[in-house]
Amino acid sequence: MTPVLEAQALRKVYRGGDGSPIEVLSGADLSLGRGEFVAVVGASGSGKSTLLQLLGALDEPTAGTVSLDGEAYAAQTAERLAAIRNRKIGFVFQFHHLLREFSALENVMMPLLIGGSDDAPARAKATELLGAVGLAARMMHRPGQLSGGEQQRVAVARALATDPLVVLADEPSGNLDHHNGERLHDLFATLAREFETALVVVTHNRLLAGRADRVLVMEDGRLVSHPGIEAMP
């Protein structure tokens, strides 16, 4: 399988308050194919969120490379990287970050309109996606009129709006109760395959990790494969 997202020998070093180096990632490797669902687990502070920032071109590694669809981030201009983030990468966070003054439909349309789409095709695409996540009857509701689980499903639909090559999710069910969390977990597993979108999810939830095709553990700044391992409590 040709990788759609590939990271090689990623290192990330920060400076502490006293100026001493703090190495968060120390040679992490990841290769992800189209439609593949990978869960990344590990102890708090192990570097999982830092990894997502590098994969999403939100930060630069101290060393190592990240490539999406054959394009190395390091070789791109700032403008090109912004275009890659907007068009080829979807993000889902623990907090949904929906625009509260807009309806669910308008929130999902937003990335398309920002990308230059006309209103009619953006509306049609957003309607299709909200139907796919089970919110066809709720699309005109604003976030404050939706449950936490429904808001997070809107965020998933928004992440898929531009037909991204990869979706990166950071603790997406962290604020949901068991029922809504399980519904979201089922949704991720289904959509990754139906939309052929590569999916990387950072999670502490062992049920969500159990839905993934592969589970990788962040240990000592590296990603280690452990088939069948459960997520950390």
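The values are calculated or read from the model by the stated rules, or taken from the named source; none is laboratory data. This is a predicted model, so every value here is computed, not measured. Cβ placement follows ideal geometry from the backbone for every residue including glycine, while neighbour counts extend to all protein chains displayed.
When we screen L184, L216 for residues that are surrounded by 15 or more Cβ atoms within 10 Å (Cβ to Cβ), assigned to a helix (DSSP H, G or I), in contact (Cβ under 8 Å) with a residue 12 or more places away in the chain and over 12 Å from the mean Cα position of the chain (by Cα), the only hit is L184.
A single member of L129, L146 is among the aliphatic types (A, V, I, L, M) and either closer than 18 Å to R87 by Cβ or surrounded by 21 or more Cβ atoms within 10 Å (Cβ to Cβ) (or both), and it is L129.
Of all the numbered requirements in (1) without any contact (Cβ under 8 Å) to a residue 12 or more places away in the chain; (2) touching a strand residue (DSSP E or B) at 6+ places or on another chain (Cβ under 9 Å); (3) under 26 Å from N86 (Cα atoms), V200 misses one, and that requirement is (1). May I ask you to verify whether A155 is under 28 Å from R34 (Cβ atoms), of a type in the set (A, V, I, L, M, F, W, C) and surrounded by fewer than 16 Cβ atoms within 10 Å (Cβ to Cβ)? It is false that A155 is under 28 Å from R34 (Cβ atoms), of a type in the set (A, V, I, L, M, F, W, C) and surrounded by fewer than 16 Cβ atoms within 10 Å (Cβ to Cβ).
Taking first residues from segment 129-147 that are closer than 11 Å to A157 by Cα and part of a helix (DSSP H, G or I) and partners that are at pLDDT below 90 and basic (K, R), the Cβ contacts under 9 Å between residues at least 6 apart in sequence or on separate chains come to L130/R153.
Listed here are the strands (runs of 3 or more DSSP E) enclosed by segment 1-73 that have at least 2 residues being free of Cβ contacts under 8 Å to residues at least 60 places away in the same chain: 3-15, 21-33, 63-68. Does A137 count as within 24 Å of L68 (Cβ to Cβ) and surrounded by fewer than 20 Cβ atoms within 10 Å (Cβ to Cβ)? No; evaluated as a whole, the condition is false for this residue.
Among the residues of segment 90-112, none qualifies, meaning not one is farther than 29 Å from L176 by Cα and either at pLDDT 95 or above or in contact with a helix residue (DSSP H, G or I) (Cβ under 6 Å, 6 or more places away or on another chain) (or both). Taken together, S103, S46 contain a single residue that is of a type outside the set (A, V, I, L, M), in contact with a strand residue (DSSP E or B) (Cβ under 9 Å, 6 or more places away or on another chain), surrounded by 13 or more Cβ atoms within 10 Å (Cβ to Cβ) and on the phi < 0 side of the Ramachandran plot, which is S46. Only residues that are at pLDDT below 90 and in a helix (DSSP H, G or I) were counted across segment 113-128, and they come to 1.
Residues in segment 203-213 that are within 25 Å of L130 (Cβ to Cβ), crowded, with 22+ Cβ neighbours inside 10 Å and hydrophobic (A, V, I, L, M, F, W, C): L208, A212.
Considering segment 70-82, the residues that are of a type in the set (A, V, I, L, M, F, W, C) and surrounded by fewer than 14 Cβ atoms within 10 Å (Cβ to Cβ) include one that is farthest from the chain's Cα centre (by Cα), namely A75.
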